[in-house]
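**Student:** Here you go, one structure.
The values are calculated or read from the model by the stated rules, or taken from the named source; none is laboratory data. Note that the structure is a prediction, hence the values are computed from the model and not measured. Counting neighbours? That spans all protein chains shown, and the Cβs are built from the backbone with ideal geometry, glycine included. Side chains are part of the model used for accessible areas, which takes the heavy atoms of the whole protein and leaves out ligands, DNA and RNA. Shrake-Rupley method; radii C 1.70, N 1.55, O 1.52, S 1.80 Å.
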Amino acid sequence: MSNYLLNKMCIFNENAKELKLVDSDVIIKLTSMRARCLSYIIEHANEDVIEKSSLSQALWGKRSQFASDASLTQTLYLIRKDLKTLGLDDFFITVPRSGIRVNDTVQIEKIEKAPEVVYHRKGLYLTSGALILFLIALGTLFFLY
């Protein structure tokens, strides 16, 4: 699994299935399907057109003949939405009735290791024991009333 720097602003970590802004702690977790699709797009970024059929085959394998165009369209839409959230507009462009192509202005650089991610959480911290006690107390109150 590899890590890619997209437009010098976003890191795609294939192993963790996440997109992360370089200068921020903003992280978007991807589903397996979206991560696999984005990986395929990045691996084939130098192709003039990434055909819908080859993308569908890469995602669904033998079942691709049963997958609808709507499924692929939805997957691509969600990837676009995730990338746009991080400021990467027009990462790939639809080629009508053929497939997609990666925008010529996009820079993709394979990097050795993604920077360590530190997750910042705000709010209440509960240990598993405290959470179990809380749920037991809540259940007891529920049955008493």
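**Student:** Looking at region 80-101, which of its residues are of a type in the set (S, T, N, Q) and assigned to a helix (DSSP H, G or I)?
**Tutor:** Listed by number, the list holds a single entry, Thr85.
**Student:** Yes or no: Ser39 of a type in the set (Gly, Ala, Ser), assigned to a helix (DSSP H, G or I) and in contact with a helix residue (DSSP H, G or I) (Cβ under 8 Å, 6 or more places away or on another chain)?
**Tutor:** no
**Student:** Please count how many residues of region 1-34 are in a loop (DSSP other than H, G, I, E, B), surrounded by 16 or more Cβ atoms within 10 Å (Cβ to Cβ), without any contact (Cβ under 8 Å) to a residue 40 or more places away in the chain and not basic (Lys, Arg).
**Tutor:** 1
**Student:** Related question: Return the residues of region 35-56 that are farther than 15 Å from Lys110 by Cα and either open to solvent by less than 40 Å² (accessible area, probe 1.4 Å) or touching a strand residue (DSSP E or B) at 6+ places or on another chain (Cβ under 9 Å) (or both); say none if nothing qualifies.
**Tutor:** Ala35, Cys37, Glu47, Asp48, Val49, Ile50, Glu51, Lys52, Ser53, Ser54, Leu55, Ser56
**Student:** State whether the residues of region 33-56 include one that is acidic (Asp, Glu) and over 19 Å from Gly99 (Cβ atoms).
**Tutor:** Looking for residues that are acidic (Asp, Glu) and over 19 Å from Gly99 (Cβ atoms), one finds none in region 33-56, hence no.
**Student:** Something else: Taking region 57-79 on its own, how many of its residues are surrounded by 14 or more Cβ atoms within 10 Å (Cβ to Cβ) and in a helix (DSSP H, G or I)?
**Tutor:** Looking only at that region, the number is 11.
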